[in-house]
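The values are calculated or read from the model by the stated rules, or taken from the named source; none is laboratory data. Fair warning: this is a prediction, and the values are worked out from it, not measured in the lab. When we count neighbours, we look across all protein chains shown, and the Cβ atoms used for this are built from the backbone with ideal geometry, even at glycine.
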Amino acid sequence: MSLLLALPAAVGLWLVTGGRALPVARARITTAVAAALTLLLAVATALSDSSVDRPWLPQLDVRFSFGVDGIAVPLVLLTAVIGVLVAAHAWVEVPEGGTPATFLGCLLLVEAGALATFTARDAVLFFLAFELVLVPMWLLIGRYGDRHDPRARTDASQRFVLYTAVGSTLMLVGILALVGWAGTSDLRELAGGAGAALTHERQLTVAVLLVLGLAVKVPVFPLHTWLPPAHTTAPTAGSVLLAAVLLKMGTYGLVRLPVATVPDGFTTISPVLAVAGVIGIVWGGLVCLVERDLKRLVAYSSVAHMGFVVLALAAGSDTGLQAALFANIAHGVVSALLFVLVGGLKLRWGTADLASPRPALRETSPRLGFVLILGLAATLGLPGLAGFWGEVLAIYAAWAPASSRPGPVFVVCAVVAAVGAALAGAYALRVARLVWIGDRPAPGAEAATPDTDGVEAGVLGVLAIAVVLLGVVPGPLLAITAAASAAIGGSP
């Protein structure tokens, strides 16, 4: 466990500081080796159930405590796999804006912070790890983002910092209140009854602060407006990490903190969270129907899909919790696939504007065309692909919520969410018509889009296989999260 956290952090910090003058080839090799070793350590940690627990700040009763369970293991493995894929993608694209070593070091630092977040067993450690990710991601967006529009890049990076800083402040106040009132920062003790022993008023206060702070990171409507500009501006590797890893930190935080530690307070605000989630589902789908920028369209689809995760969590049942955890992983894989694909198309076209006529991708670039259709099918929740199970189980959980939830409210949310799923089909078909079927190119436009090969084809291939496996064989992932979900206390 200690090596899992230390390796990417140490190598990433060295690349950003002392090794920032490394030639690009050596920086790539260093990053790839560190990411591969981190993946091996993640697998070993998951299989051995490794953990570390040492005194750190005895005066505050804060311990250096990290470990994994059924909820953390899938996210740790997802983060490590995505780390390898973005390190490999650096052989395809290293954006301008600074030294290549600094860019690659930021990727490793984001991975290290996410791994620490998913394994922290102390509430204070969770917050510190959560914050560790923000600085390297800000650099990825602000320094290595799209060079075509400096003003948009600056706006996106500043909005990212502003929103996340405000959300983190609310989360910190909530964590301090929870730790102060409960008398412990150990997440296992808080989930085991120390948090539930608080009065309802204190639980409600903590739940509101934590949910508001974490909702920014998920993001939940209407706190989502930082995400589309960040995705549109960020380099491909940054968008992949942002969608597949950073957003998962928000939903994981919801599970670990308000859901597990202050269940009565979370129950009280769950209808509001469910309504916000389904509004995000519909709003994201409607925006995708008219959005012209392909990368921004995928970002808004992320807002819609994370709405299903929030709805499932708000339902309060064991089914809802497992649906949220499965949808979390599924969205991470599908969004990574789409952002690698769209980033590659933007690099080839010079723009992601859907209004520009394109030659048919199915004819000029059949491999890219196949991956596009696979990603769009997974986005609309086609059975047999990763997106199906999380959305279906989320709608089912809302239709039959826990007895402590207001049934009519959640039934209406389930119906609205189903309508949002239909919107996903509509905007997926729109993209397929414009890009896969295509149109005759405008005068002077390129006659064809170069097809994928080499490292890019390998990255897309790995993600495509994961999308299919999660859809065809969902049982192993559900089995991993089953015991931990039941321990949190979800109702049947």
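Among the residues of region 67-82, not a single one is within 30 Å of residue 480 (Cα to Cα), over 20 Å from the mean Cα position of the chain (by Cα) and either assigned to a helix (DSSP H, G or I) or free of Cβ contacts under 8 Å to residues at least 24 places away in the same chain (or both). The residues of region 2-54 that are in contact with a Phe, Trp or Tyr (Cβ under 7 Å, 6 or more places away or on another chain) and either at positive phi or small (Gly, Ala, Ser) (or both) amount to a single one, 51. Can you pull out the helices (runs of 4 or more DSSP H) entirely within region 307-387 that have at least 2 residues that are under 17 Å from the mean Cα position of the chain (by Cα) and either at pLDDT 90 or above or surrounded by 18 or more Cβ atoms within 10 Å (Cβ to Cβ) (or both)? Ranges flagged: 318-349, 366-379. When region 395-411 is filtered for residues that are part of a helix (DSSP H, G or I), over 22 Å from residue 287 (Cα atoms) and either at pLDDT below 90 or among the aliphatic types (A, V, I, L, M) (or both), the ones remaining, listed by number, are 397, 398, 407, 409, 411. The set of residues from region 143-156 being at pLDDT below 85, surrounded by 18 or more Cβ atoms within 10 Å (Cβ to Cβ) and in a helix (DSSP H, G or I) comprises just one member, 153. From the list 272, 240, 287, the lone residue that is buried (at least 24 other Cβ atoms within 10 Å of the Cβ), among the β-branched types (Val, Ile, Thr) and in a helix (DSSP H, G or I) is 240.
Residue count for region 213-225 under the criterion of being surrounded by 23 or more Cβ atoms within 10 Å (Cβ to Cβ) and either in a loop (DSSP other than H, G, I, E, B) or without any contact (Cβ under 8 Å) to a residue 40 or more places away in the chain (or both): the result is 5. Each residue in region 60-104 was checked for being surrounded by 23 or more Cβ atoms within 10 Å (Cβ to Cβ) and at positive phi, and 0 of them qualify. From the list 187, 210, the one residue that fits, being crowded, with 19+ Cβ neighbours inside 10 Å, within 26 Å of the chain's Cα centre (by Cα), at pLDDT 90 or above and among the aliphatic types (A, V, I, L, M), is 210.
Only one entry of 253, 280, 238 meets the criterion of being in contact (Cβ under 8 Å) with a residue 24 or more places away in the chain and within 20 Å of residue 122 (Cβ to Cβ), and that entry is 253.
So how many residues does region 470-479 have that are in contact (Cβ under 8 Å) with a residue 12 or more places away in the chain and either over 19 Å from the mean Cα position of the chain (by Cα) or not in a helix (DSSP H, G or I) (or both)? So the count comes out to 2. Only residues that are modelled with pLDDT under 90 and out of contact with any helix residue (DSSP H, G or I) (no Cβ under 7 Å at 6 or more places or on another chain) were counted across region 264-290, and they come to 1.
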